[in-house]
Amino acid sequence: SQSMKPAIRRATDKAAIEWLVKTAAADSQERVRVAVATALGTVVASEVDPAPCLDKLAKDKAPRVRAAAIDALREKRAKASQAVVLAALEDDSWQVRVAAVEALGAFDERASVKPLIERMQKEPGRLREDIDRALALLTGVSLGGDAKAWKGWWETNGAAWEAGTLEKKKEEKGEGGKDEPGQTTAFFGIETKSKNIIFVLDLSGSMLEKAGTPGSIESGPGAV
(Lines give C-alpha, C1' and ligand atoms only; values in the text may rest on other atoms or scores of the structure.)
Protein backbone atom coordinates (compact mmCIF):
# COMPACT_ATOMS: atom_id res chain seq x y z
CA SER A 1 0.00 0.00 0.00
CA GLN A 2 2.88 2.37 0.73
CA SER A 3 4.41 1.82 -2.73
CA MET A 4 1.00 2.39 -4.31
CA LYS A 5 0.84 6.07 -3.26
CA PRO A 6 3.81 7.30 -5.31
CA ALA A 7 2.78 4.99 -8.15
CA ILE A 8 -0.61 6.66 -8.45
CA ARG A 9 0.89 10.12 -8.07
CA ARG A 10 3.36 9.50 -10.92
CA ALA A 11 0.84 7.84 -13.20
CA THR A 12 -0.11 9.93 -16.21
CA ASP A 13 -1.83 7.38 -18.46
CA LYS A 14 -5.61 7.70 -18.10
CA ALA A 15 -6.27 3.98 -18.51
CA ALA A 16 -3.63 3.09 -15.93
CA ILE A 17 -5.07 5.44 -13.32
CA GLU A 18 -8.61 4.25 -13.97
CA TRP A 19 -7.47 0.64 -13.61
CA LEU A 20 -5.69 1.42 -10.33
CA VAL A 21 -8.74 3.20 -8.97
CA LYS A 22 -11.15 0.45 -9.98
CA THR A 23 -8.97 -2.36 -8.69
CA ALA A 24 -7.52 -0.87 -5.52
CA ALA A 25 -10.66 0.89 -4.34
CA ALA A 26 -12.43 -2.47 -4.20
CA ASP A 27 -9.54 -4.18 -2.41
CA SER A 28 -10.54 -6.13 0.68
CA GLN A 29 -7.63 -4.74 2.70
CA GLU A 30 -8.46 -1.58 4.60
CA ARG A 31 -4.90 -0.24 4.41
CA VAL A 32 -4.96 -0.48 0.61
CA ARG A 33 -8.19 1.50 0.40
CA VAL A 34 -6.71 4.11 2.75
CA ALA A 35 -3.61 4.33 0.54
CA VAL A 36 -5.72 4.77 -2.58
CA ALA A 37 -7.81 7.52 -1.00
CA THR A 38 -4.71 9.37 0.24
CA ALA A 39 -2.95 9.09 -3.11
CA LEU A 40 -5.97 10.26 -5.08
CA GLY A 41 -5.85 13.49 -3.12
CA THR A 42 -2.53 14.27 -4.80
CA VAL A 43 -2.96 12.78 -8.28
CA VAL A 44 -2.23 15.39 -10.93
CA ALA A 45 -3.57 13.74 -14.09
CA SER A 46 -6.11 16.23 -15.40
CA GLU A 47 -8.02 13.70 -17.53
CA VAL A 48 -9.15 11.65 -14.54
CA ASP A 49 -11.59 12.95 -11.96
CA PRO A 50 -10.93 11.08 -8.69
CA ALA A 51 -14.03 12.51 -6.99
CA PRO A 52 -16.45 9.66 -7.90
CA CYS A 53 -14.07 7.09 -6.43
CA LEU A 54 -13.48 9.25 -3.35
CA ASP A 55 -17.23 9.75 -2.91
CA LYS A 56 -17.59 5.97 -2.77
CA LEU A 57 -14.69 5.58 -0.35
CA ALA A 58 -16.21 8.29 1.85
CA LYS A 59 -19.03 5.80 2.52
CA ASP A 60 -16.69 2.87 3.16
CA LYS A 61 -17.37 0.55 6.11
CA ALA A 62 -14.02 1.44 7.72
CA PRO A 63 -13.76 4.83 9.49
CA ARG A 64 -10.08 5.24 8.51
CA VAL A 65 -10.99 4.89 4.84
CA ARG A 66 -13.87 7.34 5.14
CA ALA A 67 -11.66 9.92 6.84
CA ALA A 68 -8.87 9.47 4.27
CA ALA A 69 -11.34 9.89 1.41
CA ILE A 70 -12.77 13.10 2.86
CA ASP A 71 -9.26 14.44 3.46
CA ALA A 72 -8.53 13.75 -0.21
CA LEU A 73 -11.70 15.54 -1.30
CA ARG A 74 -10.48 18.52 0.73
CA GLU A 75 -7.10 18.39 -0.99
CA LYS A 76 -8.79 18.32 -4.40
CA ARG A 77 -11.22 21.12 -3.40
CA ALA A 78 -13.93 18.81 -4.75
CA LYS A 79 -16.84 21.14 -4.08
CA ALA A 80 -19.14 18.94 -6.18
CA SER A 81 -18.81 16.37 -3.36
CA GLN A 82 -20.14 18.80 -0.74
CA ALA A 83 -23.27 16.71 -0.14
CA VAL A 84 -21.14 13.65 0.61
CA VAL A 85 -19.00 15.63 3.05
CA LEU A 86 -22.02 17.24 4.71
CA ALA A 87 -23.46 13.77 5.34
CA ALA A 88 -20.20 12.84 7.08
CA LEU A 89 -20.93 15.46 9.76
CA GLU A 90 -23.29 12.86 11.23
CA ASP A 91 -20.76 10.02 11.09
CA ASP A 92 -20.39 7.82 14.18
CA SER A 93 -16.61 8.27 14.09
CA TRP A 94 -15.32 11.58 15.49
CA GLN A 95 -12.25 11.30 13.24
CA VAL A 96 -14.51 11.28 10.18
CA ARG A 97 -16.47 14.25 11.51
CA VAL A 98 -13.21 16.18 12.02
CA ALA A 99 -12.22 15.45 8.42
CA ALA A 100 -15.64 16.62 7.22
CA VAL A 101 -15.43 19.87 9.19
CA GLU A 102 -11.98 20.67 7.79
CA ALA A 103 -13.11 19.88 4.25
CA LEU A 104 -16.15 22.12 4.48
CA GLY A 105 -13.98 24.98 5.71
CA ALA A 106 -11.67 24.49 2.74
CA PHE A 107 -14.52 24.30 0.22
CA ASP A 108 -15.53 27.87 1.13
CA GLU A 109 -19.20 27.35 0.26
CA ARG A 110 -22.00 29.42 1.84
CA ALA A 111 -24.26 26.39 2.16
CA SER A 112 -21.87 24.81 4.68
CA VAL A 113 -22.42 27.40 7.39
CA LYS A 114 -25.86 26.35 8.63
CA PRO A 115 -25.04 22.60 8.85
CA LEU A 116 -21.82 23.38 10.71
CA ILE A 117 -23.62 25.57 13.24
CA GLU A 118 -26.27 22.89 13.71
CA ARG A 119 -23.57 20.26 14.21
CA MET A 120 -21.81 22.42 16.77
CA GLN A 121 -24.92 22.33 18.95
CA LYS A 122 -24.46 18.53 19.25
CA GLU A 123 -20.69 18.35 19.64
CA PRO A 124 -18.86 18.39 22.98
CA GLY A 125 -15.21 19.12 23.55
CA ARG A 126 -12.56 19.84 20.98
CA LEU A 127 -14.72 19.39 17.91
CA ARG A 128 -16.42 22.70 18.71
CA GLU A 129 -13.06 24.40 18.22
CA ASP A 130 -12.62 22.64 14.86
CA ILE A 131 -16.06 23.78 13.75
CA ASP A 132 -15.36 27.33 14.96
CA ARG A 133 -12.21 27.44 12.81
CA ALA A 134 -14.15 26.22 9.78
CA LEU A 135 -16.89 28.79 10.37
CA ALA A 136 -14.26 31.51 10.77
CA LEU A 137 -12.85 30.60 7.36
CA LEU A 138 -16.32 30.70 5.82
CA THR A 139 -17.68 33.84 7.51
CA GLY A 140 -14.73 35.74 8.93
CA VAL A 141 -16.42 35.52 12.35
CA SER A 142 -14.87 33.76 15.34
CA LEU A 143 -16.91 33.10 18.46
CA GLY A 144 -14.46 31.02 20.44
CA GLY A 145 -16.20 27.71 19.88
CA ASP A 146 -19.31 28.96 21.69
CA ALA A 147 -22.23 26.96 20.30
CA LYS A 148 -24.88 29.26 21.80
CA ALA A 149 -23.19 32.34 20.34
CA TRP A 150 -23.10 30.75 16.89
CA LYS A 151 -26.76 29.80 17.16
CA GLY A 152 -27.56 33.42 18.03
CA TRP A 153 -25.42 34.65 15.14
CA TRP A 154 -27.34 32.46 12.73
CA GLU A 155 -30.72 33.55 14.08
CA THR A 156 -29.69 37.16 13.47
CA ASN A 157 -27.74 36.80 10.23
CA GLY A 158 -28.75 33.47 8.69
CA ALA A 159 -31.34 34.76 6.24
CA ALA A 160 -29.02 37.48 4.94
CA TRP A 161 -26.13 35.01 4.71
CA GLU A 162 -28.14 32.52 2.65
CA ALA A 163 -29.42 35.33 0.43
CA GLY A 164 -25.85 36.44 -0.22
CA THR A 165 -26.44 39.93 1.14
CA LEU A 166 -24.24 39.42 4.19
CA GLU A 167 -20.57 39.67 3.27
CA LYS A 168 -17.79 37.65 4.80
CA LYS A 169 -16.04 39.70 7.48
CA LYS A 170 -12.30 40.03 7.72
CA GLU A 171 -12.42 39.26 11.42
CA GLU A 172 -14.91 39.50 14.23
CA LYS A 173 -14.58 38.35 17.83
CA GLY A 174 -17.80 38.00 19.75
CA GLU A 175 -18.17 39.09 23.33
CA GLY A 176 -19.70 35.74 24.16
CA GLY A 177 -16.83 33.87 22.59
CA LYS A 178 -15.59 32.36 25.83
CA ASP A 179 -16.92 29.13 27.22
CA GLU A 180 -18.88 28.96 30.41
CA PRO A 181 -16.84 28.20 33.54
CA GLY A 182 -15.81 24.60 33.86
CA GLN A 183 -15.98 23.91 30.12
CA THR A 184 -12.21 23.69 29.64
CA THR A 185 -9.49 21.54 31.15
CA ALA A 186 -6.14 23.03 32.09
CA PHE A 187 -2.87 21.39 33.08
CA PHE A 188 0.26 23.50 33.68
CA GLY A 189 -1.08 26.21 31.41
CA ILE A 190 -2.25 23.85 28.68
CA GLU A 191 -5.96 24.38 27.99
CA THR A 192 -8.19 22.05 26.01
CA LYS A 193 -11.90 21.52 25.49
CA SER A 194 -11.45 17.80 24.93
CA LYS A 195 -13.57 15.62 27.21
CA ASN A 196 -11.34 12.55 26.97
CA ILE A 197 -7.67 13.28 27.52
CA ILE A 198 -4.72 11.66 29.30
CA PHE A 199 -1.61 13.50 30.49
CA VAL A 200 1.43 11.22 30.66
CA LEU A 201 4.19 12.28 33.08
CA ASP A 202 7.68 10.80 32.93
CA LEU A 203 8.96 10.59 36.52
CA SER A 204 11.83 8.19 35.80
CA GLY A 205 15.35 8.94 36.99
CA SER A 206 16.52 9.81 33.50
CA MET A 207 14.45 12.99 33.66
CA LEU A 208 16.89 14.33 36.27
CA GLU A 209 19.75 14.32 33.78
CA LYS A 210 20.83 17.61 32.28
CA ALA A 211 19.96 18.28 28.67
CA GLY A 212 22.23 19.85 26.12
CA THR A 213 25.38 19.31 24.09
CA PRO A 214 28.94 20.45 24.81
CA GLY A 215 29.14 24.22 24.55
CA SER A 216 25.39 24.76 24.87
CA ILE A 217 23.52 26.32 27.76
CA GLU A 218 22.08 23.53 29.88
CA SER A 219 18.78 24.13 31.53
CA GLY A 220 19.23 21.99 34.62
CA PRO A 221 17.40 19.02 36.14
CA GLY A 222 14.23 17.95 34.46
CA ALA A 223 14.97 19.78 31.21
CA VAL A 224 13.85 18.14 28.01
So what's the net charge close to Glu162: Lys and Arg +1, Asp and Glu -1, counting the other residues with Cβ under 10 Å from its Cβ? +2
Check each of the GluC sites (Glu not before Pro) in region 79-174 and keep only those in coil by DSSP with at most 11 other C-beta atoms within 10 angstrom; list them in order. Glu167, Glu171
Can you list the GluC sites (Glu not before Pro) in region 17-58 that are in a DSSP coil and have 15 or fewer other beta carbons within 10 angstrom? Glu47
Any idea of the accessible area per residue across region 63-128, 1.4 Å probe, to the nearest Å²? 43 Å²
Neighbourhood charge, 12 Å Cβ-Cβ cut-off, centred on Arg33 and excluding it, Lys, Arg +1 and Asp, Glu -1: +3
Arrange the peptides 20-29, 51-60 so that the one whose residues have, on average, the most other Cβ atoms within 10 Å appears first. 51-60, 20-29
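The values are calculated or read from the model by the stated rules, or taken from the named source; none is laboratory data. Just so it is clear, the model here is predicted, and its values are computed rather than measured. Neighbour counts run over all protein chains shown; Cβ positions are idealised from the backbone, glycine included. Remember, those area values only see protein heavy atoms, side chains included, never the ligands or the DNA or RNA. Shrake-Rupley method; radii C 1.70, N 1.55, O 1.52, S 1.80 Å.
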